[in-house]
Amino acid sequence: MYKNKKILAIVPARGGSKGIPQKNIYEIEGKPLIQYTLDEIKKSDLIDTCIVSTDCPKILEVCIDLKVDVPHLRPRNLATDNAKTIDVIVHELKLLESKNQIYDYVILLQPTQPLRSSIDIDNSIKLAIDKDYDSLVGVSYVKDHPLLIRKIGEEGKLENLLKVSSTVRRQEFSNYYKINGAIYVNKVTSLSSDTSLNDNEYPYIMDKYYDLDIDNFSDLEKFKLIVQGKINI
């Protein structure tokens, strides 16, 4: 709790994964991937309740071993490739409300972004509550400036991403940021099935070190080397 606001952390961990089978519990240095996120949640001073939303009995077993609450298995319709994370969040909040468990803020923490720390978790929550933001999202600085990014059009010509002249000195470039997927904080009363989490309004700026999304085996190998202290991204 922070300033009398109750805070719920939701960790979405679907069992299906095409790139890496059972990705969320794939072991890295003796720990399942999801544990790196759950360990940081346990260090948080502000989170009141943490639940894992999963459709997978194996992930359920791992969470039980880690003493993390999985109140139920996720319904099949919320465990497909096309299921939206916001629908998972709304589903969990409605079930909790039916049990008279009411929260003011929810923070979504995806296990595939394992580098975010408990410090960032707590600081993002404080920022959202102190500023009375309806929504906040973790972002990282983009080194490759959009002015220099092109797409190839139907006629094979290069097309600017931004519809402005790119004849600008690098010193005059504005800073740009990307949604890094590490942190999403939302006021519960502002959430609905129409909410787009990646369009959360305000930024929580994070060091690029934390911008690692585990999507394939090369990402896993990079994370393993980071955990071992052999590389620093």
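Table for the structure above
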item	result
Directionally averaged projected area (convex hull, Cα atoms, segment 1-93), nm²	6.4
Semi-axes of the equivalent ellipsoid for segment 122-212, Cα gyration tensor, largest first, Å	31, 17, 12
Rule-of-thumb Rg ratio for segment 55-141 [Cα; 2.2 N^0.38 Å; N residues]	1.24
Nearest-ten-degree value, helix 217-227 long axis tilted from longest Cα axis of the chain	80
Among Leu148, Pro111, Ile129 the positive-end extreme of the charge dipole of segment 100-162 (Cβ point charges)	Leu148
Relative packing of peptides 89-102, 31-44 - highest average C-beta neighbours within 10 Å first	31-44, 89-102
Rounded FRET efficiency, nearest 0.05, which uses the C-beta distance separating Met1 from Lys94 and R0 of 25 Å	0.70
Cα centroid separation, segment 169-230 to segment 2-37 (Å)	15
Segment 199-209 - phi-based ³J(HN,Hα) in whole Hz, Karplus 6.51/-1.76/1.60, Gly and Pro as x	9, 3, 6, 10, x, 10, 7, 10, 4, 4, 3
Long-range Cα-Cα pairs in the chain (distance over 31 Å), rounded percent	27
Helix 85-98 vs. the chain, principal-axis angle (Cα, 0 to 90°, nearest 10)	30
Residue-averaged 222 nm ellipticity for the chain, from DSSP H runs of 4+ at -39500 (n - 2.57), nearest 500	-7500 deg cm²/dmol
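Every number here is computed from the coordinates shown, using simple stated rules; none is lab data. Worth saying up front: this structure is predicted, and the values here are computed from it rather than measured. Virtual Cβ from ideal backbone geometry, glycine too; neighbours counted across all protein chains shown.
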